[in-house]
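Please treat every number below as a calculation from the coordinates, not as lab data. Keep in mind the model is a prediction, meaning the values are calculated, not measured. Cβ: placed from backbone, ideal geometry, glycine included. Neighbour counts: every protein chain shown.
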C-alpha cells in the first residue's frame, strides 16, 4: 500500500514538473505547475474510484461511451451541414459520451459474462445476487432487520411500479393505510443506508400486465433473480412460473423453537377452540396451540402434553392435551408468558389455586 502511495506521489510531481517546464499557451510556469498538480490529483482520484467498480460496470460504461460517441458523431455530421458552431458540436459530443457512460455503468450489472465463454471467469457472477422486493415485504419491515444481520447481500431491486403502489398507500385517506405506507418508505430509506447493500430502482414496466404481482414475476424473469415477499399467493404463483421466492414467513417459521411430541409445555388458554372441549393458546412468536380437554381452563395457565406438531407454509400449529388429573392450573399474572416446563419458571406474587383431585 505504501509503494502505491509513493508511485502516485511521483506521478503528481512529474506531471507538475512537466507543466512547469512546458507552461503551454504562455501561462506562468507556477500557474502551470499548480494546474498540473490539480490534474494529477484528479487522475489519481479517478483511478481509485475505478478500482472499486466491478468488471461488469466497467464493460457497461465503456460500451455506453462508445455508443454515445458514435451517436454524437452522426449528429455532428448533420449539424455541420446546418452551419452549427463547432463548440456546440463538441458540447454535444461530451454530453452524449457522459450520458452513455453513466447509463452503461448502471445497466452493466445485468450483463451475463458467462455467455462470453469463460473469458471473464475471474469475475464472480452476481446475477443471483439480485433480489426484488414486493410491496408487502417492504411494509412488513422485517426485511430491514434481516439485512442488518448480514444474511442478505447483493443488489436489492425496487421496481418503480412498487414505489408507485407504496406511494398510493402512503397518500391514502385511511390513516391506518397511510401509516403503513409511510412506514414502508422509512424501511426503504433504512435499507438504502446499509453499506453492504446496493439499492437499485428498476424502471422496467410491463404495460400489458395490469396485476402488480404478475409484473414482479415478469421483472424477476428479466433479471433472472429471486423475489422476496411474505405474500402466500404470490409465493405459489411465482413458483408455478419458475421464479425463485424468498418468503419471510417461511424464514420466521424455520426459526421457531422445535417442539417434540410428548414434551410438556406451560401455556395460557386464551379462548375456546372450534372442536368440542378444546382450548386455544398462543406462544410468544404467535404459534397457535390447540389443547384438548381445556375448554374449562380458559383464562388460566396450565401444563399440557404435546401430542403432535403440524408444519405448513402458512405457519406452525401445535396440538396438545390437558390432563386435569395430573396437572395444576395456575392463575395468569401480567408478567407470565407461555413457556416450556423445562424453562425457568417465573415467580408470582399470588399462590397457586388449589384444586381437589378426587380419586
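Per-structure values
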quantity	calculated
Pair residue 311, residue 142: separation of 7 Å Cα→Cβ label points (nm)	1.6
Segment residue 107-residue 21, length gained on full extension (0.36 nm per residue, minus Cα span)	26.6 nm
Burial ordering of 98, 223, 20, fewest other beta-carbon atoms within 10 Å first	98, 20, 223
Where labels lie 7 Å past Cα in the beta-carbon direction, separation of residue 252 and residue 236 in nm	1.9
Computed lengthening from residue 214 to residue 4, 0.36 nm per intervening residue step minus Cα-Cα distance	70.5 nm
Two-site FRET efficiency, residue 46 against residue 324, from Cβ-Cβ distance with R₀ of 56 Å, rounded to 0.05	0.10
Difference of contour (0.36 nm per residue) and Cα-Cα distance, residue 66 to residue 38	7.4 nm
At R0 = 56 Å, FRET efficiency that the Cβ-Cβ distance of residue 74 and residue 193 yields, to 0.05	0.85
